[in-house]
Amino acid sequence: MPKTRTEKIASFDEQITKLQEQRRKERQRQQQEERKAKERRYKKRHELLENSLPEIINLTDEQYKTFLARAIANDTVRKIISNILSHGTKPVNEKQENAPAHEENSTS
């Protein structure tokens, strides 16, 4: 039995509503997954930091904030991060990192 145009429109409106609800739920799931991934990343990185610098455990929140601000403002730290990002996860020792380019090539 053919539907009237009004019934077709109502059917489409119902489908749209259902799809919008599915989209909303899927976005919520995606945001939740992103939050969980971010939390895992924070935990893992902070654990690595505490293992490397156990003294930071005793810092107050304000002292920790100061520590991070000073470390981030340090040009050496920024160069190290830039070097790591440009070379991937390949370990680079400090001598290679700070050596002039002509010395790096002559060590072979």
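Every number here is computed from the coordinates shown, using simple stated rules; none is lab data. All of these numbers come straight from a predicted model, not from anything done at the bench. Positions of Cβ are generated from backbone atoms using ideal geometry, with glycine treated the same way; all protein chains shown enter the neighbour counts.
Quick look at the values:
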item: Unsatisfied cross-links (Cα-Cα over 25 Å) in the set LYS25/LYS65; LYS36/LYS79; LYS3/LYS25; LYS43/LYS65; result: LYS25/LYS65; LYS36/LYS79; LYS3/LYS25
item: Estimated vicinal HN-Hα couplings, Hz - the range 34-50 in sequence order (Karplus 6.51, -1.76, 1.60; Gly, Pro = x); result: 5, 5, 5, 5, 5, 4, 4, 4, 4, 4, 4, 5, 5, 4, 4, 5, 5
item: Inter-label distance for THR6 and GLU33, nm, one decimal - labels placed 7 Å from Cα along Cα-to-Cβ; result: 4.3 nm
item: Footprinting exposure proxy for PHE67, PHE12 (fewest neighbouring C-beta atoms within 10 Å first); result: PHE12, PHE67
item: Approximate spin-label separation ILE80-ARG23, in nm, with each point projected 7 Å along Cα-to-Cβ; result: 4.6 nm
